[in-house]
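The values are calculated or read from the model by the stated rules, or taken from the named source; none is laboratory data. Just so it is clear, the structure is predicted and the values come from calculations on it, not from any experiment. Positions of Cβ are backbone-derived with ideal geometry, glycine not excepted, and every protein chain shown enters the neighbour counts.
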């Protein structure tokens, strides 16, 4: 290594950000270092170090901008530890736009920092698999056999996979049960509204949701049509781009966003409905993701303007259907706030409003509701230790409310919480609010 | 004199010793990572520590302190790093002992109304842990969602409710301490009254200069049967001040009483946008009363009458939790909201006699004009604790020095009218040079002797509270060197 001729000045071996949208110093300057963000930061809660808090990360971004710190292992690991839950943005009394800062930092890391080989491989596996439902499906058959032969029990009991690679162990441990329904999309392209047609809406199926939670999509479509919506589901739709976007894979995210916009072109829908929190947040960000693309800039803005979370939409237009009780007596529910709804889209009241309309439902509130469950997209696969501690805390807090059922509006949270419920030997069911509404509309009791 | 001369410390073997105590994961030593620890909530002073140690138990703290003691290394304790007087500011070549991982609530004894916590437990976690059973922890600094109990003990923190219930020291029953020689001692007890010297009282508010608290026994209180918040808005700040005096004069002791001036009202409305505080008001007065239903109802009526008599334009009241929190939200966010109005802000913390409010605010306004910086005022009106927020831009060369001078003038003003240098933020690094404004040589020497007893080598949080020649300028240097001839200085 050559020693810099001018000590203290950003030299070649002290790699920093490149000139392509580095974290904006103006946004950094709005941070007054009060530390309020530490209270709702899940990574700080577990790790306890200043560098793993939003305040610390902003300090590091500033130091890298100023050439006082390198974009290297000592800084990158602390950006990687961020779950991207955006709780700090909600908490910050100075209005610091940390979401923009971390989103600007992540592509910088991918471009200017060389990850270790195992890290690279795991990330490539994730980015080449999860955003492509058809590739995931290829894996389903061996997975089904794997599960039927009882391997999960073996691996989980012996902890063998975890010993080989904690990340592979984590991936395995959140695997939901594969059912035969997962192998193909069963919903038609256009489903008519029941009764008088109020709206024509598009529905995005999601990747994980489509494969592992197809019944949530079925329920969502039934709830929408029952409430006067004609539903359009273009076959050409792919991944919403949330996964690559959250990990700084900018080009992949842009390509997927363009594909999604194209698939809804000419469908004439009033709204585009999504029932997964993480996807919804990214879909609403399309204008920002494609801001540098002159051909798509305007289309992206228009598309993003139509995107509504399923619960946000229903609370907005109102339910027209009659709702029946889900159980014979009272049903105590706890609603689990997904970060990308609560912090990312500022949606917290609407799901509760809808659930309260179901006769007999009593809503309970957990402590630390605003704290991430540790799922955070693919975070629980990349940072399993932190994710596990958060998952365990979340399950404790949810169960401490004494609720009989957990309502969760995001597949990631649902997988993570199910895993930790199972680890703690608890048999509390977890369902999407759309499923609960669907049961209630159809007059079906939960435990029949 | 045992002054630590600038010497080359060989850190590698020392770091190895720390790693043996807290594990590799409990030590931060990379240069870029240490940068994030160079300041607390007060960013105008920065100093990178040599190493950061994160213990989890009393024993680990004791071992870490012993390593410092053996190697003659100064150390500074830090909790959540939200302090506003630079109390957790590192000194050159020091070890920063961070309590963020000491976050266990060790014992909850509801019958005897006490809770034992580790120092890294966050202030409002205590209330959260006992609220289900109808209890709460009274001291509530504005940063209560994030500040740690350890830091509260070090700074003797207050909060909006300390008017009726007292500050941290009134709620700490006992402490387990690690003294600067690494010994572990217990002071106080689990009952409120103890014969002999009040060592617990001495330790609370000692700003990390006497040792580090590793277990804290707190008193918790039963939640009041009824709580009501009144918000009155005034077209002049004197009327708000007069209402405060009249309320206390009538024999009511509200749980809290706060005044915010027009600039701070607009600052918080810009950020939290609750729409509760009228933007055109010269001042708002927030009063919280608690107690039995009948008592609260009667007091609420009387307070409303007093405010109206003094010219309040409108009065809003809230009994339910959600609305009460909404009324308080702006006040709680006042400091950080100042950051939204201006690139930087400098918060002062002084105490004045309530009766001097109008005069002092006018003088602050004059100082604001003279120096050319805007000043927003929030005020724990019941106990005269004033928080002027000076708005400035640190990127302008020389601005910080001017602002510090302005802050100093405000503090001197507070002392001149019979008040004090600090209500609740502590002296820390920020206000030590003003100590001679308030205390005589003999006062300060007496305090130094107390410190000597606990901290004879001066390794625990050196350079805080007391004026030091290097930082307090040449004039102070000459003066203070004479002041403590018989006391060793660090």
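Data table
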item	result
Any hit, the stretch B:346-354, residues being in contact (Cβ under 8 Å) with a residue 60 or more places away in the chain, under 25 Å from residue B:252 (Cα atoms), in the same structural domain as residue B:258 (by TED's automatic domain parsing) and buried (at least 23 other Cβ atoms within 10 Å of the Cβ)	no
Any hit, the stretch A:291-302, residues being under 21 Å from the mean Cα position of the chain (by Cα), assigned to a helix (DSSP H, G or I), outside the structural domain of residue A:210 (by TED's automatic domain parsing) and more than 18 Å from residue A:217 (Cβ to Cβ)	no
Test result for residue B:303, crowded, with 23+ Cβ neighbours inside 10 Å and more than 19 Å from residue B:405 (Cα to Cα)	yes
Test: residue in the stretch B:373-391 that is away from chain A (no Cβ under 11 Å), more than 19 Å from the chain's Cα centre (by Cα) and not in a strand (DSSP E or B)	yes
Check on residue A:249, within 19 Å of the chain's Cα centre (by Cα), free of Cβ contacts under 8 Å to residues at least 60 places away in the same chain and not assigned by TED's automatic domain parsing to the domain that holds residue A:434	no
Residue among A:368, A:388, A:309 that alone is in the same structural domain as residue A:245 (by TED's automatic domain parsing) and under 30 Å from residue A:172 (Cα atoms)	A:309
Any hit, the stretch A:340-362, residues being closer than 26 Å to residue A:396 by Cβ, touching a residue at least 12 places away in the same chain (Cβ under 8 Å), surrounded by fewer than 17 Cβ atoms within 10 Å (Cβ to Cβ) and within 22 Å of the chain's Cα centre (by Cα)	yes
Positions within the stretch A:400-441 being over 21 Å from residue A:227 (Cα atoms) and in a loop (DSSP other than H, G, I, E, B), in sequence order	A:400, A:401, A:402, A:403, A:404, A:410, A:424, A:425, A:426, A:427, A:428, A:429
Of all residues making up the stretch B:329-341, the number that are facing chain A (nearest Cβ under 10 Å), modelled with pLDDT of 85 or more and touching a strand residue (DSSP E or B) at 6+ places or on another chain (Cβ under 8 Å)	1
Residue match in the stretch A:278-285 (condition: buried (at least 16 other Cβ atoms within 10 Å of the Cβ), more than 14 Å from every other protein chain (Cβ to nearest Cβ), at pLDDT 95 or above and part of a loop (DSSP other than H, G, I, E, B))	yes
Residues (without any contact (Cβ under 8 Å) to a residue 40 or more places away in the chain and within 7 Å of chain B (Cβ to nearest Cβ)) located in the stretch A:21-35	A:29, A:33, A:35
Checklist (1) crowded, with 17+ Cβ neighbours inside 10 Å; (2) part of a loop (DSSP other than H, G, I, E, B); (3) under 23 Å from the mean Cα position of the chain (by Cα); (4) away from chain A (no Cβ under 14 Å) applied to residue B:425, failing item	(4)
Test: residue in the stretch B:60-73 that is within 14 Å of another protein chain (Cβ to nearest Cβ) and within 23 Å of residue B:145 (Cα to Cα)	no
Some residue of the stretch B:353-372 being more than 22 Å from the chain's Cα centre (by Cα), at pLDDT 90 or above and over 23 Å from residue B:241 (Cβ atoms)	yes
Members of the stretch B:101-115 found to be assigned to a loop (DSSP other than H, G, I, E, B), in contact with a strand residue (DSSP E or B) (Cβ under 8 Å, 6 or more places away or on another chain), surrounded by fewer than 24 Cβ atoms within 10 Å (Cβ to Cβ) and within 14 Å of another protein chain (Cβ to nearest Cβ), listed by number	B:103, B:104
Criterion (in contact with a helix residue (DSSP H, G or I) (Cβ under 9 Å, 6 or more places away or on another chain) and part of a strand (DSSP E or B)) met by exactly one of A:269, A:216, A:203, A:223	A:203
Residue check for residue B:222: surrounded by fewer than 24 Cβ atoms within 10 Å (Cβ to Cβ), touching a strand residue (DSSP E or B) at 6+ places or on another chain (Cβ under 8 Å), touching a residue at least 60 places away in the same chain (Cβ under 8 Å) and under 21 Å from residue B:80 (Cα atoms)	no
Residues that are assigned to a helix (DSSP H, G or I) and buried (at least 22 other Cβ atoms within 10 Å of the Cβ), drawn from the stretch B:149-187	B:149, B:150, B:151, B:152, B:153, B:154, B:155, B:162, B:163, B:168, B:171
In the stretch A:56-73, the residues that are more than 8 Å from chain B (Cβ to nearest Cβ) and closer than 19 Å to residue B:43 by Cβ	A:57, A:58, A:61, A:62, A:64, A:65, A:66
Residue identified as under 13 Å from the mean Cα position of the chain (by Cα), under 20 Å from residue B:56 (Cβ atoms) and away from every other protein chain (no Cβ under 13 Å) among B:153, B:167, B:160	B:153
Criterion violated by residue A:23 - all others in (1) within 27 Å of the chain's Cα centre (by Cα); (2) over 19 Å from residue B:35 (Cα atoms); (3) outside any helix (DSSP H, G or I) satisfied	(2)
Residues of the stretch A:89-104 that turn out to be away from every other protein chain (no Cβ under 11 Å) and in a helix (DSSP H, G or I), as a count	9
The stretch A:325-350 - residue that is in contact with a strand residue (DSSP E or B) (Cβ under 6 Å, 6 or more places away or on another chain) and not in a loop (DSSP other than H, G, I, E, B) and, of those, farthest from residue A:403 (Cα to Cα)	A:336
Hits in the stretch B:16-58 (condition: surrounded by fewer than 20 Cβ atoms within 10 Å (Cβ to Cβ), touching a residue at least 60 places away in the same chain (Cβ under 8 Å) and part of a helix (DSSP H, G or I))	B:58
Condition check for residue B:93: assigned to a loop (DSSP other than H, G, I, E, B), more than 14 Å from chain A (Cβ to nearest Cβ) and farther than 21 Å from residue B:331 by Cα	yes
Some residue of the stretch A:372-383 being assigned to a helix (DSSP H, G or I) and more than 16 Å from the chain's Cα centre (by Cα)	no
Qualifying residue in the stretch B:317-338 (condition: in a strand (DSSP E or B) and assigned by TED's automatic domain parsing to the domain that holds residue B:275)	yes
